[in-house]
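The values are calculated or read from the model by the stated rules, or taken from the named source; none is laboratory data. From a predicted model like this one, the values you see are computed outputs, not experimental measurements. All Cβ positions, glycine included, derive from the backbone under ideal geometry; neighbour counts span all protein chains shown.
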Number of protein chains: 2
Amino acid sequence: MTPEPIERPAEAEATRRVGRPRRDQHELLAAAAAVFVEHGVDAPVRVIAARAGVGMGTIYRHFPTRAELVVAVYRHQVEACAEAGPRLLAESATAEAALRAWVALFVEFLVTKHGLAGALRGDNAGSDALHGYFVDRLVPVCGSLLDAARAERGPSSAGQPVVNGYSLLKGIGNLCIGAAGDSDYDADQLVQALVSGALAGISST
Amino acid sequence: MTPEPIERPAEAEATRRVGRPRRDQHELLAAAAAVFVEHGVDAPVRVIAARAGVGMGTIYRHFPTRAELVVAVYRHQVEACAEAGPRLLAESATAEAALRAWVALFVEFLVTKHGLAGALRGDNAGSDALHGYFVDRLVPVCGSLLDAARAERGPSSAGQPVVNGYSLLKGIGNLCIGAAGDSDYDADQLVQALVSGALAGISST
DNA sequence: CAACAATACGGAGCGCTGTTCCGTTAAGCA
DNA sequence: TGCTTAACGGAACAGCGCTCCGTATTGTTG
């Protein structure tokens, strides 16, 4: 599909358009980021638009859905997180240490962005952009770290089912929900415990 | 506060009131339960009211908030789950087996009630009735099972921090979010892994 | 330089929530 | 039989994500 056209036909330069120029997306993203810091990721689109000094129509023209705006705001950090995976694996003494460090990085990212972890679960009609983006970008990274750490521990005891990268990533995301503002709940501790359990394999009945 | 009046003054029997009799709550609860099974716990109050053949005002007079209605619907099952804790501990060969069995029970309860786990996180103004009820009723149970299982394993390696009953319960609840309808995500497996990790204590850095 | 066409803009409006409010209805009592 | 009182029903409110269309602003053209 989309067989990559051999040559761009005409209008090579994209400056050949008429009409009003598009507003710079960076301003919108900056406003959204600022509002997210103050009011959390669940802040109303109206508030973001007001902060940017812009109508809501403009927001929705640049980012067709609320989730895509969130994705755009955090894209850089997610990308950095994804790239940190292979690097940690190369730098760390053991694969398990790399996995644990990467997981800690991810948890810190989620916990500091209030409401992000909660927004991550694709509860809206099937293809939620937010859920999808995180999964596409981070599951491979999480999966390879997990596999490497498991290989390091030697052959598994039996052919018993084993936690896969997707489950682990989604589980970590879920564990981070409601972590900020609940001092009795230590998401990082639980996630590290989950990693321990995922590496050990389940023993008892 | 509310120093428990020594003696009930007059009106000993409660049948001395005038005005219309209250509708039987059981009908409302039955309707709500039926709607929850069909459309999940997030079903609109309007739908529940319509199913019960009742106005919305009636729903809200019996259950001041949506969360309290949910609590009422599931109170019996939560109670049963709480009572299963001590029983399992008495019946099981080991405390760890009891903990794992209880946790499996809780997970099955949450996963089969679509959206319940998601509604559990108290994201609304502070004192969410749903979150509070589950915590009050189940944290003690979860905590004693966890302590018993840990005691069984012998003295902990050091004074390092350890997962408490509240964290474990909330963690389990979070892990169950979005479990139904995602065949690649096995909540029960992850929860058992979390239990393993919580019992083992975190090893690596 | 003056029309014009093309495009982005702004925000009122829609459909959907949970929750509140008040006029209406029906049961007990005199 | 009428009156008092409580519960009922559902219209109305505020807040959400998102859509739609008249308006404003640009680059192009005669």
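Of all residues in segment B:45-96, those being within 16 Å of DNA strand C (Cβ to nearest atom) and touching a residue at least 60 places away in the same chain (Cβ under 8 Å) number 5. Scanning segment A:188-200 for residues that are within 15 Å of residue B:164 (Cα to Cα) and either more than 8 Å from chain B (Cβ to nearest Cβ) or touching a strand residue (DSSP E or B) at 6+ places or on another chain (Cβ under 9 Å) (or both) turns up A:188, A:191. Here the condition is being in the same structural domain as residue B:186 (by TED's automatic domain parsing) and within 11 Å of DNA strand C (Cβ to nearest atom); of B:130, B:110, B:99, it holds for B:130 alone.
For segment B:57-130, which helices (runs of 4 or more DSSP H) that fit wholly inside it have 1 or more residues that are within 18 Å of the chain's Cα centre (by Cα) and away from every other protein chain (no Cβ under 14 Å)? Break it down stepwise before answering.
On the way: elements: B:66-91, B:95-112, B:116-120.
In segment B:57-130, the matching helices (runs of 4 or more DSSP H) lie at B:66-91, B:95-112.
The single residue among B:108, B:96 that is modelled with pLDDT of 95 or more, in contact with a helix residue (DSSP H, G or I) (Cβ under 7 Å, 6 or more places away or on another chain) and of a type in the set (Asp, Glu) turns out to be B:96. On inspection, residue A:10 fails the criterion of being modelled with pLDDT of 95 or more and more than 13 Å from DNA strand D (Cβ to nearest atom).
Of all the residues in segment A:40-59, those that are within 13 Å of DNA strand D (Cβ to nearest atom) and touching a Leu at 6+ places or on another chain (Cβ under 9 Å) number 8.
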